[in-house]
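J.: Sharing a structure here in structure tokens format.
Read-outs throughout are calculated quantities, based only on the coordinates presented, and are distinct from any laboratory measurement. These numbers were taken from a predicted model, which means no experiment stands behind them. When we count neighbours, we look across all protein chains shown, and the Cβ atoms used for this are built from the backbone with ideal geometry, even at glycine.
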Amino acid sequence: MTRTDDPFIILGVSAEASREEVQRAYRRLAMFWHPDRNPSPIAGNEFKRIHAAYELLRDPQRLAESRQAQTSGATASDTAAEGGGADLVLAMILTLEEAASGCRKNVELIDSVRCRTCAGSGRVQHDHLVPCPACSGCGRVSRASGRTSRCDICAGRGYLRETACTDCRGSGRQQALRTLAVTVPPGLLDGERLRLTRQAPRPPGGEEAVAGDLYLEIRFAAHALFVVQGRDLHCRVPVSVFRRLAGGRVEVPTLTGSVSFALPPWAQHTGEHRLPGYGYPGKRAGAAGDLVVHLQSIDPHVGPDDIELLEGLEGLEGRLAAALERRAPQLAAWELQMRARRQEASG
Ligand SMILES: [Zn+2]
Ligand SMILES: [Zn+2]
């Protein structure tokens, strides 16, 4: 399993998360990424990815397997060709926050290292003579012809003081986990690569070759609040229909906290509100992107008190006929028609 498929990362929960935590994370993300609710072009795919991850974690058997497959850091996607010296690209999944501010990560690689049993010699010395493994100590081996002949390994002696190391099968190298501490600079974007010179693992048997370069390809984990486009962060923020009509300050999340902006009153449409410089940070001294707020108008449950207030507003509209003409011509025309009908009926 590569980290890009890691269901825990996709759902943003730890490998120790309970079933309830997994379910909560899934509901929250699925709600956010549902293509019917989220206009982002990547919403459909994200929704499917989240659903697949959840399905995987719902099955106790597969959940146990996934937990076992957990390693820290990143694992291979794989471009290593046969033979030594090949470069390798690994996917490195970061949260938006980690990538934005930069971070330190441990990357674990399976690499070929010197065998500890034989210190890389491939041979093991014994204190006493041991039976030759090829002829089991008899000094002769059977041949394809059906005859037996002298064992070449022990030169017919049957016993040896030195044998091939069984741990590395005489190669002097073993496959083992190597941990690399990596510093990720701030502001890298999804798909950008970090190059670690001569850090690619060598394939078994390729020990003598110079190691290739290791590339860590940054991948952003799905975020509960933000969708990244370039360096712009898009965010959907629910506001009540009253706030939308009255205007005022609306608080919105940023990668490091929150910020508020002035919403003009009587906002006719929810639209986009751009907050320059509050998006994903630039590299080095580069400019940050924008935070693009998509307001989602929510109709709250209306209680008796609200109705009284709303009736007051409605009456006010009626009394201010001139204002109504200007602000809602359709309503003003309707009022006129109704008044004419009332007069007809009474007259
Ligand atoms: Zn060995
Ligand atoms: Zn032998």
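J.: At a Förster radius of 35 Å, what calculated FRET efficiency corresponds to the Cβ-Cβ distance of Asn106 and Glu251, to the nearest 0.05?
T.: Efficiency, from the Cβ-Cβ distance: 0.45.
J.: Could you please report the charge total around Arg157, scoring K, R as +1 and D, E as -1 over all other residues with beta-carbon less than 13 angstrom from its beta-carbon?
T.: For residues surrounding Arg157, the net value is +1.
J.: If you don't mind, there's one more thing I want to ask. Which far-off residues, 5 or more places away or on another chain, put their amide H under 5 Å from the one on Ile93, with H placed in the peptide plane?
T.: Here Arg219 satisfy the definition.
J.: Estimate the FRET efficiency between Ala340 and Arg27 by the formula 1/(1 + (r/R0)^6), using the beta-carbon distance for r and 45 Å for R0, to the nearest 0.05.
T.: 0.25
J.: Note down the magnitude of the dipole of the chain about its Cα centre, charges +1 on Lys and Arg C-beta and -1 on Asp and Glu C-beta and zero elsewhere, to the nearest 20 debye.
T.: 1500
J.: Something else now. Given the options Arg244, Arg27, Arg140, which has the most mean-square fluctuation in a GNM of the chain, springs set between C-alpha atoms less than 10 angstrom apart?
T.: So, out of Arg244, Arg27, Arg140, the one fluctuating most is Arg140.
J.: May I ask for the angle, rounded to the nearest 10°, between helix 329-346 and the longest principal axis of the chain, with both axes built from Cα atoms and the value confined to 0 to 90°?
T.: For helix 329-346, the angle is close to 40 degrees.
J.: Using Cα atoms only, what is the angle between the long axis of helix 43-58 and the major principal axis of the chain, expressed in degrees (0 to 90) to the nearest 10?
T.: 60
J.: By how many degrees, between 0 and 90 and to the nearest 10, does the Cα long axis of helix 19-33 differ from the longest principal axis of the chain?
T.: Roughly 60 degrees between the two axes.
J.: Around Ala119, with a cut-off of 12 angstrom between Cβ atoms, what is the net charge of the other residues, counting Lys and Arg +1 and Asp and Glu -1?
T.: Every neighbour counted, the sum reads +3.
J.: So which trypsin sites (Lys or Arg not before Pro) in the range 142-175 pass both tests, a DSSP loop state and at most 15 other Cβ atoms within 10 Å of the Cβ?
T.: Passing sites in the range 142-175 are Arg143, Arg147, Arg157, Arg169.
J.: Given the chain, what percent of its DSSP beta bridges are antiparallel, to the nearest 5?
T.: 70
J.: Here is a further query. Only counting other Cβ atoms within 10 Å, I'd like Arg193, Arg219 sorted with the fewest neighbours first.
T.: Listed from fewest to most nearby Cβ atoms, that is Arg193, Arg219.
J.: Counting other C-beta atoms within 10 Å, which of Ile218, Ile307 has the fewest, and how do the rest follow?
T.: Least to most surrounded, the residues fall as Ile307, Ile218.
J.: I'd like to know which of Pro300, Ser260, Leu275 lies farthest towards the positive end of the charge dipole of the range 219-314, counting +1 on Cβ of Lys and Arg and -1 on Cβ of Asp and Glu.
T.: Farthest towards the positive pole: Leu275.
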